[in-house]
Every structure is written in structure tokens, then in C-alpha cells.
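**Student:** Quick one: structure below, then a few questions.
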Amino acid sequence: MIGHAERIWLLLVALTLAGAWLAETGRAGWPLTLVVAGLIAFKGRMVIDHYMEITAANPRIRRVLYAFATVVPLLVIASHGWGDVIKRLTTLQ
């Protein structure tokens with residue numbers, strides 16, 4: 001019988017494969033970027049909640065990790081929309 005951890009793991013694997021497939025076959029643009037950012041956010045939250053068992057941790061630690069799982073997808077979106085600006089601001093010349 002498949003347990004809860006195994007079901008979560010299978011879901012994460014399926015989402016990873018779906019993301020890889022989308023990246024290879026999808027057309028670059030805002031819809032794909034938003035889907036990938038959503039997958040990153042969902043998978044990050046699943047790992048935090050189900051494998052790191054943060055739901056029982058100190059609320060401050062939980063908030064920091066949840067913020068991280070929110071900021072990373074936002075950075076993906078920002079890099080798609082404002083990649084040239086970010087590149088210009090972070091290039092040393």
C-alpha cells in the first residue's frame with residue numbers, strides 16, 4: 001500500500017516531469033512563465049509542509065520558509081518580464 005509520503009513524492013515527480021515537458025514543448029511567453037512559477041510555488045510548499053514538517057516548527061521559521069517559497073516564483077516572473085533591466089542592473093562594467 002502506498003503511504004502519504006510516497007503519494008506526495010509521486011505528485012512532486014509528476015509535476016517535475018510536467019514542468020520539464022512544458023519547458024521543452026511550450027512556447028515561451030507569459031502563460032508558460034506563470035505556469036512554471038505556479039509549479040515552483042506549489043512544489044516548494046509541498047516539500048516544506050510534507051518533508052520538512054515545518055507545520056510543527058516555530059512560526060518564525062515557518063514564515064521564513066513560506067516567504068522563500070513565495071519569493072522564488074516571483075523572481076522567476078520578474079526575470080521573464082524584466083530580464084533586460086535586471087541584467088543591466090547586475091552587470092559589472
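**Student:** Students often get this wrong, so try it: which of [x] 15.1; [y] 12.9; [z] 13.6 is Kirkwood radius over Cα pairs in Å as calculated from the structure shown?
**Tutor:** Evaluating Kirkwood radius over Cα pairs in Å on these atoms matches [x].
**Student:** As a test of the formula, what do you get for the chain when each DSSP H run with n ≥ 4 contributes -39,500 (n - 2.57) and the sum is divided by the residue count, at 222 nm and rounded to the nearest 500 deg cm²/dmol?
**Tutor:** Counting only the DSSP helices, I get -25500 deg cm²/dmol.
**Student:** Another one. Provide the per residue accessible area, probe 1.4 Å, for the chain, rounded to a whole number of square angstrom.
**Tutor:** 76 Å²
The values are calculated or read from the model by the stated rules, or taken from the named source; none is laboratory data. Predicted model, so just to flag it, every value in this text is computed and none were measured. Ligands, DNA and RNA are excluded from the accessible area calculation, which covers all protein heavy atoms including side chains. Shrake-Rupley method; radii C 1.70, N 1.55, O 1.52, S 1.80 Å.
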